[in-house]
Amino acid sequence: MPDDAKQKKKKTIVFLHPDLGIGGAERLVVDAAVSLQNRGYKVVIFTSHCDPTHCFDEARDGTLDVRVRGNSLVPPSILGRFAILCAILRQLHLIVQISLFSSELKNIGPDFFFVDQLSAGLPLLKYVCDSPIFFYCHFPDLLLAQGRSFWWKRVYRIPFDALEQWSMGFADAIAVNSGFTKGIVAQTWPSLARRDLKVVYPCVDTKPPKNGDGGVGPLPWKETGVILSINRFERKKDVALAIRAFAGLSRQKRKAAKLIVAGGYDHRVAENVSYHKELVDLADSLGLKNATAKTVVTALNVPSDVEVLFLLSVPNTLKEMLLKSASLLVYTPSNEHFGIVPLEAMLRGVPVLAANNGGPTETVVEGVTGWLRVPSDVGKWSEIMDRVLNGMSKGELEAMSQAGVERVTKNFADTQMGERLDGIFDEMARPPTTKRSVFIPVVLVAAAVVVALAAVAASVLLMRSRRRI
């Protein structure tokens, strides 16, 4: 352990995260927690949900102290809707449970808080504990909300959008995940742009596995060519682009190659279920024989002539197998806030084909570690797939592979993320600028907001039910 880590005297950081499942935000939180723990901090993560069968290894194998709280009163959604309202209430419940209904937070005695995704609880957190708050903004939630073409959705979102900006002001420091996101935040909230917004890139663990390669080998299709897509099964990830581009190759050029579509899949999330079905239907319509697997065993037993293989809820071991097998990673989201998967691929020597916008433009170097292409031009994506499968020499592929490894280890290692966060927490150790005296009006405003949201939600449900009659 480095000397500066020893001098931390076991300072404690409490993380608050809504749902510690499998996704880019969750991967960042886990990496941040582990990197800070490695620098000598004591880390405790509070979350409203963490399914041991659907989370990253560090959250279940004892590496991190993960505690589930605030999950007994409010469901994640109501009739599949009002997810943001429920998320806010669950976060408030979590904070109240650990601070007012028990002495858990007091016993921990946090020196700092690390909060991400949801800022609504920051005013309450500032009241119950004077410790400095660090807020990590992955992306403005108001820009992520879908369905704003409906007037009632726009009305419903008004208080949430206002609450998001107002509550973020209670953070002692705010960071974003890329220069791209920093620009979006500055455009969205000019008042917050006047603050010193930090950029803290997500990271990957560059250390080799403790047991060599951990016994993980490539999949049997490596020699024939594997085009890999790793993303959650969500429409905004545009995984359909990868399927269309693969179908754009002639059968002869595809030969025995496979497109493997893998990623986060939660049967509780309606969009995951419906989008997987849409992708299967798309593959069928394009004449691509496909299959779906949920485990390594079932994946290995698919017929050899399957061209598109869907893998649901990929654990770390299977992800390692996929990355060791891939000839090319296809990263399809447009205007992605950052994108951790391209880093994971480059670290393992896999070239990356990504959209020429958003976070990947800060990680993928055109023609050196991969390619950046316009998402609307499917033909250009097919051309790169063909080049990797059929047009590049072994030497060219090895050079690109080595360049990717070097770029990640020099710029996006977990040690660098820990060092960056460590410096920010040192700055935050100064006396907080927001005092408890603001809390009484905060309670009144928060109560009014909750009542208003409940009224709006009830009105919308009533109107929609009447329309069905």
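Of note:
- Exposure proxy ranking for Asp426, Asp205, based on other Cβ atoms within 10 angstrom of each Cβ and starting from the fewest, stands as Asp426, Asp205.
- Cα gyration tensor category, rounded, prolate or oblate, for the range 222-405 with a/c compared to 1.5: rounded
- Acute angle (nearest 10 degrees) that the helix 439-468 long axis makes with the longest principal axis of the chain, alpha-carbon atoms: 50 degrees
- Residues in the range 169-178 carry Karplus couplings, in order, of x, 7, 6, 7, 8, 10, 10, 10, 8, 6 Hz; the curve used is 6.51 cos²θ - 1.76 cosθ + 1.60 with θ = phi - 60°, and Gly or Pro positions show x.
- Directionally averaged shadow of the range 7-145, computed from the convex hull of its alpha-carbon atoms, nm²: 8.5 nm²
- Residues with amide H under 5 Å from that of Lys198, placed H, sequence gap 5 or more: Ile174, Ala175, Val176
- For a straight C-alpha distance cut-off of 14 angstrom, the aspartates and glutamates reachable from Lys289 (same-chain residues fewer than eight places away being disregarded) are Asp281, Asp305, Glu307.
- Across the range 379-393, coupling constants 3J(HN,Hα) worked out from phi with the 6.51/-1.76/1.60 Karplus curve, θ = phi - 60°, read x, 5, 5, 4, 4, 5, 4, 5, 4, 5, 6, 10, x, 10, 6 Hz, and Gly and Pro carry x.
- Per-residue Cβ neighbour rank within 10 angstrom, fewest leading, Glu366, Glu58: Glu366, Glu58
- Degrees, to the nearest 10: 394-411 long Cα axis against longest axis of the chain: 10 degrees
- Beyond 31 Å in Cα-Cα separation lie the following of the pairs Lys182/Lys236; Lys198/Lys236; Lys42/Lys324; Lys106/Lys294; Lys10/Lys126: Lys42/Lys324; Lys106/Lys294.
- The string of couplings for the range 16-28 from the Karplus curve (6.51, -1.76, 1.60, θ = phi - 60°) is 10, 9, x, 9, 8, x, 10, x, x, 5, 5, 4, 5 Hz, one whole number per residue in order, with x for Gly and Pro.
- Sorted fewest first by neighbouring Cβ atoms within 10 angstrom, Lys394, Lys237, Lys380 come out as Lys394, Lys380, Lys237.
- Percent RCO, i.e. relative contact order, over the chain, from Cα pairs under 8 Å lying at least 6 residues apart: 15 percent
- Shown here are the Rg and Dmax of the Cα trace of the chain, at 23.0, 72 Å.
- Under 12 Å from Lys253, Cα to Cα: aspartates and glutamates that are on another chain or at least 8 residues apart: Glu383, Asp386
- Helix 270-285 axis, angle to the chain major axis (alpha carbon atoms, nearest 10°): 20 degrees
Laboratory data are not the source of any read-out in this text; all were calculated from the coordinates shown. Keep in mind the model is a prediction, meaning the values are calculated, not measured. All Cβ positions, glycine included, derive from the backbone under ideal geometry; neighbour counts span all protein chains shown.
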